[in-house]
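Let me begin by presenting the structure, written as structure tokens, before commenting on it.
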Amino acid sequence: MEDNQILGQIKDLVEEEHSLRERLVAGELTSEEEHTRIASLEEQLDRCWDLLRQRRARRGMGEDPDNAAPRPVSEVENYLQ
């Protein structure tokens, strides 16, 4: 997956997040439904950003960015900050 594809996926996920918030305000879904989907979107976003950082780091080190791979949610969500 190329950087521009990852960025496109990030954009789509953010747009969906905004749409969910609007639908919640409009009463089209419950807060539980919104919360569940938002949690999933946040995990997907974290994985996308992680993959993009991996690709950029590999490129910066003179390595092939195509060797970067998406990491599991369990790994990405448990990074120490």
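If you go through segment 31-50, how many residues are among the charged types (D, E, K, R) and open to solvent by 80 Å² or more (accessible area, probe 1.4 Å)?
Looking only at that region, the number is 4.
In the list Arg53, Arg59, Arg21, which residue meets the criterion of being surrounded by fewer than 16 Cβ atoms within 10 Å (Cβ to Cβ), over 14 Å from the mean Cα position of the chain (by Cα), part of a helix (DSSP H, G or I) and modelled with pLDDT of 95 or more?
Criteria check complete, one pass: Arg59.
Here is a list of conditions, (1) open to solvent by 80 Å² or more (accessible area, probe 1.4 Å); (2) assigned to a helix (DSSP H, G or I), and Gln9 meets all of them except one; can you say which number that is?
Unmet condition: (1).
Determine whether Asp66 is touching a helix residue (DSSP H, G or I) at 6+ places or on another chain (Cβ under 9 Å), more than 17 Å from Glu15 (Cβ to Cβ) and surrounded by 14 or more Cβ atoms within 10 Å (Cβ to Cβ). Working first, answer last.
Details: touching a helix residue (DSSP H, G or I) at 6+ places or on another chain (Cβ under 9 Å): yes; more than 17 Å from Glu15 (Cβ to Cβ): yes; surrounded by 14 or more Cβ atoms within 10 Å (Cβ to Cβ): no.
Judged against the criteria, Asp66 is not a match.
Identify the single condition in (1) of a type in the set (Asp, Glu); (2) over 19 Å from Tyr79 (Cβ atoms); (3) open to solvent by less than 90 Å² (accessible area, probe 1.4 Å) that Glu15 does not satisfy, given that it satisfies every other one.
So the condition that Glu15 fails would be (3).
Starting from segment 59-81, keep only residues that are closer than 17 Å to Glu43 by Cβ, then list their pairs with residues that are open to solvent by 80 Å² or more (accessible area, probe 1.4 Å) whose Cβ atoms are within a distance under 8 Å, requiring at least 6 positions of separation or different chains.
So the pair list comes out as Pro70/Arg47; Arg71/Arg47; Val73/Arg47; Val76/Arg47.
If you scan segment 1-44, which residues turn out to be in contact with an Asp or Glu (Cβ under 8 Å, 6 or more places away or on another chain) and among the aliphatic types (A, V, I, L, M)?
Listed by number, the residues that qualify are Leu20, Leu24, Ile38, Leu41.
The values are calculated or read from the model by the stated rules, or taken from the named source; none is laboratory data. A quick note: this is a predicted structure, and the numbers were derived from the prediction, not measured. We place every Cβ from the backbone using ideal geometry, glycine too, and count neighbours over all the protein chains shown. The protein model used for the area step is the full one, side chains on, heavy atoms only, and it has no ligands, DNA or RNA in it. Shrake-Rupley method; radii C 1.70, N 1.55, O 1.52, S 1.80 Å.
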